[in-house]
4 protein chains.
Amino acid sequence: MKLLWGTANLFSNPRYMCGGATNPDAHVFAYAAAQVKKAIDVTQLLGGENYVLSGGREGYETLLNTNLKREQDHLAAFLHMAVDYARSIDFKGQFLIEPKPKEPTKHQYDFDVASGIAFLRTYGLEKHFKFNIETNHATLAGHTFQHEIEVAASQKMLGSIDANTGDLLLGWDTDQFNTDVKELTLAMVSIIKGGGLGTGGFNFDAKLRRPSIDAEDLFLAHIGDMDAYALAFKLARRILADGKFEQFVADRYSSFNSGYGNDIEQRKLGFRELYNLVLTKLGEPKLRSGKQEYLENLLNTYLHG
Amino acid sequence: MKLLWGTANLFSNPRYMCGGATNPDAHVFAYAAAQVKKAIDVTQLLGGENYVLSGGREGYETLLNTNLKREQDHLAAFLHMAVDYARSIDFKGQFLIEPKPKEPTKHQYDFDVASGIAFLRTYGLEKHFKFNIETNHATLAGHTFQHEIEVAASQKMLGSIDANTGDLLLGWDTDQFNTDVKELTLAMVSIIKGGGLGTGGFNFDAKLRRPSIDAEDLFLAHIGDMDAYALAFKLARRILADGKFEQFVADRYSSFNSGYGNDIEQRKLGFRELYNLVLTKLGEPKLRSGKQEYLENLLNTYLHG
Amino acid sequence: MKLLWGTANLFSNPRYMCGGATNPDAHVFAYAAAQVKKAIDVTQLLGGENYVLSGGREGYETLLNTNLKREQDHLAAFLHMAVDYARSIDFKGQFLIEPKPKEPTKHQYDFDVASGIAFLRTYGLEKHFKFNIETNHATLAGHTFQHEIEVAASQKMLGSIDANTGDLLLGWDTDQFNTDVKELTLAMVSIIKGGGLGTGGFNFDAKLRRPSIDAEDLFLAHIGDMDAYALAFKLARRILADGKFEQFVADRYSSFNSGYGNDIEQRKLGFRELYNLVLTKLGEPKLRSGKQEYLENLLNTYLHG
Amino acid sequence: MKLLWGTANLFSNPRYMCGGATNPDAHVFAYAAAQVKKAIDVTQLLGGENYVLSGGREGYETLLNTNLKREQDHLAAFLHMAVDYARSIDFKGQFLIEPKPKEPTKHQYDFDVASGIAFLRTYGLEKHFKFNIETNHATLAGHTFQHEIEVAASQKMLGSIDANTGDLLLGWDTDQFNTDVKELTLAMVSIIKGGGLGTGGFNFDAKLRRPSIDAEDLFLAHIGDMDAYALAFKLARRILADGKFEQFVADRYSSFNSGYGNDIEQRKLGFRELYNLVLTKLGEPKLRSGKQEYLENLLNTYLHG
């Protein structure tokens, strides 16, 4: 039993109504800094493996009263301070950002993983942060859970998972327990292929539905949810052991493994050479099916085989 | 009369059904490269001021058959080739990326400006590209038009505008002529504050509604649209000349102009110093209203004064 | 100064977590009935002109535990009881239903005006109820404010207005003060054309933004909002006095005013006669432009003339 | 092998750009009438069991040029003519309406099943029509597939199914082949409980993805899809044979089976009696859990048991 991560709540108290690190008032920034310093101290004391910066209100309600650039500069200063402070006390945990597009704000700066990457790279923070991906936040941003995992993993920035689900027909964070084995299996495949979660883990950031008032409901929810994740993990392992999907995808891109395809990847060719190649030799490409229906059927043989 | 930009259509022909630069087949990549080379040649010949890379199908239909990382690597190679080729022929135009979240693909890699920045910075391309922002693409990605302008401008990457609108109750690109003076005025304020469009401009990438079949409809649409942009420009100039909004925003952040606020911006302070400052001197912040309703009323005095 | 309407809150107290009139427990139904009886008594005592049945939780969280038909039957019984009770105490006020698609429930039975009409007509309640239309509820259901007004007015069931706005890029009820003169002008046109609100009125069911904490913000919000509605009313009156839109629409349908068009409206013709008419005389129709861009331009001459 | 249904395309040809039965031009109405007459003739000739009126453009692009009431009156006249004509030629097939909220129009009059019911009951057509429910249309309207089935079944108006799926993160009709066994199982449970489809059936109104260009893709898609529906049917039968969900739901509403609960359903009690009952005997209700998480877990034992 270990502490997965520590964090500080910079969104519930009215002092943070206009954000913590992005608050227009330097006083609130200072207060937030003090609070996060303390939270890092406590996280270190408890042996926490990660520290999550969840930007619950780091965004804006209206651009009419907002200096977007200055707020982002302040957020960057804040994150640099966090990294510097952690180093100064020898905290070795991984820093995590948890993207969320909105709610309660109209717009958060870490809208999704891509926005987070843009921010981190702009301010030279990309070496110090990974992402804590929440399923329901992914879908509110217009992406699948698996998409956000893949984007983070493609940058070696997949850190941890806030395990829940939302309702795609609803526009707010429902934070439900997730029993959708299909969605979880796809996510597990991408997590395993991406090298796993490192020091991260699965945090059941999920709430019972309001009418679920029995004591046993809390147990049933966690049990059913863990069963779904466990089954998804088993199915993902079987899928990867069989290798059918991976082989299909590898074959699909195989023209880049040799010849001019490989030269493209090695950046040995330019537009001029490719132009001549097409005109003199290649001509019109022959189309190949994407086989989406075949792959969807194949997936069902694992899910309901 | 000058050519605003050139571009190539890498999305309509079936050969691009799985993308151009991100196609899994190196042959299609080569074909797309040849086509863009030619389009850059023609753009230079015609004295075009910009070249737009519109990624109409640079994304995926399903992650089941997709190597997201490899596709993004290929896209980066493609853009580097474009930059290198332009340099080799002494094309001085500005390269532009036009973010679009989806349609016809399920998911495009340049989902929004932030995704574009993440991509460009990841692959060392940020010096060579700016953004061509389309109103309807902004809203399909879950952002306002003004938001995308502000994000691009905050990075000095605001390039050009594809001037149209969508319908926020519909989930596809309607590309309508935009007569919403309120939305356009807010956009114009951000464009002017952001330093203008440089070599960019406004391209009326808008279509008549299907039942608008009279010859005069095309004229009426352009006239009404230009009137709306012109009025918005005049209103934005008046708003900025009066300076009420700018003054309000400047005041709102003024605590960062001196004292410990300025030290935060200068990164002279860290968490430790701010922690002590809060505990020994600052204490609990005093809340200040964000005045959203006041500012919305103020805006109406310009729009309907 | 008069009381516009009375209502009862059947959604905040945990006893209503699964609805009031649609609760699976007859005990809660009885409790809700007692509460609404009392609220009608008080409304009558205060001379209220309407009574609103706002179905805040009259819907479901999941179909897995729901008997949709039985819940709707219960709701109908509840509304019949309300009507019967009102008659028994000689309450003359108008009963109103306030459609809302969701939130906090996953799905409400009075999703929109059309759902409300379907329900009322199914259970023989259509003579006793009109609609209280809330702007933000309209847009959450995928309709414009004006659409919901038109649908209600087309059935002579337009009762009252809950005056606020939402944010079309957000998926929850923000209940903001509405300063969008364009949206309000279109709504006012439809309200006036629909014969007005009868005993209804405009209820500012709007909340300050969370950071609007100054005492004056409440005043500013109401003043700006009332100004916007007043301006919209003036513009709508001018639009209707000029009659350009009405004339355009009347002309557009004028082929139904005489000849076979009028016979269609009078139901004097059937498929057989029309089939012969097309084959022998009419042939292929000549297309006419819908002139959407012209009309949008025309609207702007009123909004920004 | 029999013909499930006939229909006419009143949306692709430009003459229908502003609708068929709701076109502002009586000439187009007449043309549409002639076309549907012919289609009914052919359907009868081929022994079709149903006739579908799919309102692909029966709606509006903008309210600025639309008389919503008059268009709905015309649509009602059209449907009455269809019913009268069918009777006159002794066509015994079932008439079906296929709700769709939008696309290509901004707004269709048969937005969803509830809108359809409102329309049919308003114009006295409810005895002659049932619904052809399409999964992708349900979700575009903000409802689940199962919800639309339940609403139609609750009125004995469930007619037929257009079997496909959409992508809940996309805002247009993708018409994909549906392999989501979970969604289909829930739908099958509701269809069977609702008494089945009568003369209706499952029509695979689904399209291959654009890159699925192999001849075998069409077979694979239909095979995988049929397998998914067949499995869902088997699972639904097992679920209903076990009766656990039905028993749970029956128990949940059991307080309405006797005593004052039954009197409520029989409408033997009114507000006055219930008020006295609550005050003198019942008091505050005791809350009961909705057990959503338990039921979701139970469902997974069938899907992945």
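The values are calculated or read from the model by the stated rules, or taken from the named source; none is laboratory data. Nothing here was measured: the structure is a model prediction, and the numbers come from that model. No Cβ is skipped: glycine too gets one built from the backbone with ideal geometry, and neighbour counts run over all protein chains shown. For the accessible areas, the whole protein counts, side chains as well, though only heavy atoms, and no ligand, DNA or RNA atoms are used. Shrake-Rupley method; radii C 1.70, N 1.55, O 1.52, S 1.80 Å.
Considering the range B:55-91 alone, what residues qualify as being assigned to a loop (DSSP other than H, G, I, E, B) and either of a type in the set (D, E, K, R) or closer than 20 Å to B:Lys37 by Cα (or both)?
B:Gly55, B:Gly56, B:Arg57, B:Glu58, B:Glu61, B:Ile89, B:Asp90, B:Phe91
Anything in the range C:204-235 that is modelled with pLDDT of 95 or more, touching a strand residue (DSSP E or B) at 6+ places or on another chain (Cβ under 8 Å) and not aliphatic (A, V, I, L, M)? List them, or say none.
Those that are modelled with pLDDT of 95 or more, touching a strand residue (DSSP E or B) at 6+ places or on another chain (Cβ under 8 Å) and not aliphatic (A, V, I, L, M): C:Lys207, C:Arg209, C:Tyr229.
Looking at D:Ile223, D:Ile213, which is the one that is in contact with a Ser or Thr (Cβ under 6 Å, 6 or more places away or on another chain) and free of Cβ contacts under 8 Å to residues at least 24 places away in the same chain?
Being in contact with a Ser or Thr (Cβ under 6 Å, 6 or more places away or on another chain) and free of Cβ contacts under 8 Å to residues at least 24 places away in the same chain holds for just one of D:Ile223, D:Ile213, which is D:Ile213.
Restricting to the range B:270-281, name every residue that is in a helix (DSSP H, G or I) and in contact with a Phe, Trp or Tyr (Cβ under 7 Å, 6 or more places away or on another chain).
First, the residues of the range B:270-281 that are in a helix (DSSP H, G or I): B:271-281.
Once the filter is applied, which keeps residues that are in a helix (DSSP H, G or I) and in contact with a Phe, Trp or Tyr (Cβ under 7 Å, 6 or more places away or on another chain), the range B:270-281 yields B:Phe271, B:Arg272, B:Leu277, B:Val278.
Within the range B:126-152, can you find the residues that are of a type in the set (A, V, I, L, M, F, W, C) and either surrounded by fewer than 24 Cβ atoms within 10 Å (Cβ to Cβ) or on the phi > 0 side of the Ramachandran plot (or both)? Steps first, please.
Start the filter on the range B:126-152 by keeping residues that are of a type in the set (A, V, I, L, M, F, W, C), which leaves B:129, B:131, B:133, B:138, B:140-141, B:145, B:149, B:151-152.
Residue satisfying the conditions is B:Phe129 alone.
I'd like the full set of residues that are more than 17 Å from A:Arg57 (Cβ to Cβ), in contact (Cβ under 8 Å) with a residue 40 or more places away in the chain, at the interface with another protein chain (Cβ under 8 Å from one of its Cβ atoms) and open to solvent by 10 Å² or more (accessible area, probe 1.4 Å), limited to the range A:1-41.
A:Lys37
Kindly evaluate B:Leu53 against the criterion of being open to solvent by 40 Å² or more (accessible area, probe 1.4 Å) and either modelled with pLDDT of 95 or more or not acidic (Asp, Glu) (or both).
Judged against the criteria, B:Leu53 is not a match.
With the structure loaded, tell me whether B:Phe248 is surrounded by fewer than 16 Cβ atoms within 10 Å (Cβ to Cβ), more than 14 Å from chain A (Cβ to nearest Cβ) and not basic (Lys, Arg) or whether it fails that test. Walk me through it before giving the result.
Working: surrounded by fewer than 16 Cβ atoms within 10 Å (Cβ to Cβ): yes; more than 14 Å from chain A (Cβ to nearest Cβ): no; not basic (Lys, Arg): yes.
Here the answer is no, as B:Phe248 does not meet what is asked.
One line per residue, one yes/no per condition, for (1) of a type in the set (A, V, I, L, M, F, W, C); (2) more than 18 Å from C:Ala34 (Cβ to Cβ):
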residue	(1), (2)
D:Met226	yes, yes
D:Ala232	yes, yes
D:Glu246	no, yes
D:Asp251	no, yes
D:Ser255	no, no
D:Phe271	yes, no
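Applying the selection to the range D:124-144, what residues are touching a strand residue (DSSP E or B) at 6+ places or on another chain (Cβ under 7 Å) and in a helix (DSSP H, G or I)?
Matches in the range D:124-144: D:Thr135, D:Asn136.
Mind listing just one residue for me: the one in the range B:194-209 that is in contact (Cβ under 8 Å) with a residue 40 or more places away in the chain and touching a helix residue (DSSP H, G or I) at 6+ places or on another chain (Cβ under 8 Å) and, of those, surrounded by the most Cβ atoms within 10 Å (Cβ to Cβ)?
Among residues in the range B:194-209 that are in contact (Cβ under 8 Å) with a residue 40 or more places away in the chain and touching a helix residue (DSSP H, G or I) at 6+ places or on another chain (Cβ under 8 Å), the one surrounded by the most Cβ atoms within 10 Å (Cβ to Cβ) is B:Ala206.
Assess whether D:Ala232 counts as being within 24 Å of B:Thr62 (Cβ to Cβ), open to solvent by less than 40 Å² (accessible area, probe 1.4 Å) and in contact with a Ser or Thr (Cβ under 6 Å, 6 or more places away or on another chain). Give the derivation first.
Values: within 24 Å of B:Thr62 (Cβ to Cβ): yes; open to solvent by less than 40 Å² (accessible area, probe 1.4 Å): yes; in contact with a Ser or Thr (Cβ under 6 Å, 6 or more places away or on another chain): yes.
Considered against the rule, which asks whether it is within 24 Å of B:Thr62 (Cβ to Cβ), open to solvent by less than 40 Å² (accessible area, probe 1.4 Å) and in contact with a Ser or Thr (Cβ under 6 Å, 6 or more places away or on another chain), D:Ala232 comes out as yes.
With the checklist (1) closer than 17 Å to A:Gly59 by Cα; (2) in contact with a Leu (Cβ under 9 Å, 6 or more places away or on another chain) in hand, flag the one item B:Gly171 doesn't pass.
(1)
Looking at the range A:254-265, is at least one residue more than 10 Å from chain B (Cβ to nearest Cβ) and among the β-branched types (Val, Ile, Thr)?
No.
Only one of B:Leu303, B:Leu269, B:Leu274 is crowded, with 19+ Cβ neighbours inside 10 Å and in contact with an Asp or Glu (Cβ under 6 Å, 6 or more places away or on another chain). Can you tell me which?
On the way: B:Leu303 fails: in contact with an Asp or Glu (Cβ under 6 Å, 6 or more places away or on another chain); B:Leu274 fails: in contact with an Asp or Glu (Cβ under 6 Å, 6 or more places away or on another chain).
The unique qualifying residue is B:Leu269.
Kindly indicate the residue of the range C:168-193 that is open to solvent by 30 Å² or more (accessible area, probe 1.4 Å) and assigned to a loop (DSSP other than H, G, I, E, B) and also farthest from the other protein chains (Cβ to nearest Cβ) among those meeting that condition.
The initial filter retains those residues of the range C:168-193 that are open to solvent by 30 Å² or more (accessible area, probe 1.4 Å), namely C:168, C:172, C:180, C:182-183, C:186, C:192-193.
Going one step further and asking which of them are assigned to a loop (DSSP other than H, G, I, E, B), we end up with C:168, C:172, C:180.
Working: C:Leu168: 4, C:Trp172: 5, C:Asp180: 7 Å.
Among those that are open to solvent by 30 Å² or more (accessible area, probe 1.4 Å) and assigned to a loop (DSSP other than H, G, I, E, B), it is C:Asp180.
Considering only residues that are of a type outside the set (S, T, N, Q) and either closer than 30 Å to C:Leu45 by Cβ or assigned to a helix (DSSP H, G or I) (or both), look in the range C:92-107 and name the one that is nearest to the other protein chains (Cβ to nearest Cβ).
C:Pro99
Is one or more of the residues making up the range B:81-94 in contact (Cβ under 8 Å) with a residue 60 or more places away in the chain and farther than 17 Å from B:Phe29 by Cβ?
At the first step, the residues of the range B:81-94 found to be in contact (Cβ under 8 Å) with a residue 60 or more places away in the chain are B:93-94.
Filter once more, so that each one left must be farther than 17 Å from B:Phe29 by Cβ: B:93-94.
Yes, because at least one residue in the range B:81-94 is in contact (Cβ under 8 Å) with a residue 60 or more places away in the chain and farther than 17 Å from B:Phe29 by Cβ.
Go through the residues of the range B:231-242 one by one and say whether even a single one is under 26 Å from the mean Cα position of the chain (by Cα) and under 30 Å from C:Lys286 (Cα atoms).
No.
Of the numbered conditions (1) in a helix (DSSP H, G or I); (2) facing another protein chain (nearest Cβ under 10 Å); (3) surrounded by 22 or more Cβ atoms within 10 Å (Cβ to Cβ), C:Arg121 fails exactly one; give the number of that condition.
Failing condition for C:Arg121: (3).
How about the range B:282-300: which of its residues are free of Cβ contacts under 8 Å to residues at least 24 places away in the same chain, outside any loop (DSSP other than H, G, I, E, B) and within 8 Å of chain C (Cβ to nearest Cβ)?
B:Gln292, B:Glu293, B:Tyr294, B:Glu296, B:Asn297, B:Asn300
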